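**Q** Encoded as structure tokens, here's the structure I'll be asking about.
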Amino acid sequence: MRAQYPLVFSTLLIRLAVGVAIVHILTSLGSDTIVPDWFIAILGIGSIGTGIVLSMMHLGRPKRFLNSFANPKSMLTLEAYFIPPLLVCMAFLGAGYFFDQMAWLNVVGKIGTVVFGVILIFVTAKVYHLKARPTWATPLVVYEFFLSTICLGLLGYVGLVPFFGQMVGTGLLYLTGFAMIVLAVEFIITIYYRYYIQSVSQTAAEVLRDSSAKVQFYSWIGLGLVLPFALCTITLITKNINGALVLACFLSFFLGALLWRALFFETSTPLKITPDIAEI
């Protein structure tokens, strides 16, 4: 299956929006927010909106886009159902920042963003958890969606902080340390998933042996996992949230994840229901 980069970008942007918003909301429970709510709302709505446009580009004609939601029980349709309430809750979150006398907007916005955000990530992950494609027929697909959402949220949020004047803080260092743990778990799952792919699909194993696929895989390991882990280590050692450093950490992970997701599509060969003519 050829890599579908618009769809890859779309799923990453949705995870970025949800991840950053949830990290922001959870960190705001124990202290004053560093990044304002309105900015998180704009970032989230903009990222998800861009993701929707990219999905339409992937599906092509508008009619084909609408037909993809024809089955009301499919995970793809459920994904479309949960996006609007999430966008509304993000809008409430942003609006609550400007209307102090309407505190309920902020409360509803935060609760709704977390609830609908988690549901959306789960439903989106289940879209790609298909038994018809051996390399996707594993719960690891769902786990990886949530792990990458956490990574994008942590690294993205810490990367935003220096732009709002906050260069150091114990809480931010804790977030950086937690990001290192998630990156380490991502590494373990990646290695296991590669062996899983090779064991369930000979076609997918051949794809992984291709030179371009090897470049994508090791770029994910190097750019997406090892480099961000090293940059987070430097941040913890120096105890300073350096703007350029944390931004490079986020961009490195995002680029690595982009290459890894492209490879995820390239190895997704369907089950062979009928034999090839040459085999008859």
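**Q** Give the calculated FRET efficiency between Asn240 and Val108 to the nearest 0.05, with a Förster radius of 41 Å applied to their Cβ-Cβ distance.
**A** After rounding, the FRET efficiency stands at 0.65.
**Q** Another question about this same structure. With 10 angstrom as the radius, rank Asp100, Asp210 by how many other C-beta atoms surround their C-beta, starting from the fewest.
**A** By the 10 Å Cβ count, ascending: Asp100, Asp210.
**Q** Contour minus end-to-end for Leu251 and Phe187, with contour as 0.36 nm per residue of separation and end-to-end as the Cα-Cα distance?
**A** Numbers: separation 64, 0.36 × 64 = 23.04 nm, distance 1.75 nm.
Extending this stretch completely gives an extra 21.3 nm.
**Q** Ok, one more. Going through the DSSP H helices of the chain, which span 27 Å or more along their own axis at the Cα atoms while scoring at least 0.0 as a mean Kyte-Doolittle hydropathy?
**A** Within the chain the helices that satisfy the rule are 5-28, 37-59, 75-98, 103-127, 140-160, 170-200, 243-266.
**Q** Set the Förster distance to 41 Å, then compute FRET efficiency between Phe178 and Gln101 from the Cβ-Cβ distance, nearest 0.05. Can you show the working numbers first?
**A** Values: r = 36 Å, r/R0 = 0.87.
Plugging the Cβ-Cβ distance into 1/(1 + (r/R0)^6) gives 0.70.
**Q** Can I ask one more? Using Stokes-Einstein with the Kirkwood hydrodynamic radius over Cα pairs, what translational diffusion coefficient do you get for segment 165-272 at 20 °C and a viscosity of 1.002 mPa s, in µm²/s rounded to a whole number?
**A** For the chosen part, D equals 142 µm²/s.
**Q** Given a Förster radius of 41 Å and the C-beta distance between Val115 and Ser199 as r, what FRET efficiency does 1/(1 + (r/R0)^6) yield to the nearest 0.05?
**A** Values: r = 37 Å, r/R0 = 0.90.
It comes out at approximately 0.65.
**Q** Taking Cα pairs under 8 Å and at least six residues apart, what relative contact order does the chain come out at, in percent?
**A** Across the chain, relative contact order equals 23 percent.
**Q** Let me ask something else about it. What ranking of His129, His24 emerges when the number of other C-beta atoms within 10 Å of each C-beta is taken as an exposure proxy, fewest first? Provide the component values of the computation, followed by the final result.
**A** Details: His129 17, His24 26.
Sorted ascending by nearby Cβ count, the order is His129, His24.
**Q** By count of other Cβ within 10 Å, fewest leading, how are Val88, Val207, Val246 ordered?
**A** Val88, Val207, Val246
**Q** Give me the dipole magnitude in Debye, nearest 20, for the chain about the Cα centre, with unit charges on the beta carbon: positive for Lys and Arg, negative for Asp and Glu.
**A** In total the dipole reaches around 520 debye.
**Q** Let me ask you something else. What whole-number value in cubic angstrom gives the convex hull volume per residue for the C-alpha atoms of the chain?
**A** 135 Å³
The numbers here are math on the coordinates, done by the rules we state, and not lab data. Owing to the predicted nature of the structure, the values given are computational and were not obtained by experimental measurement. Cβ atoms come from the backbone with ideal geometry, glycine included; neighbour counts cover every protein chain shown.
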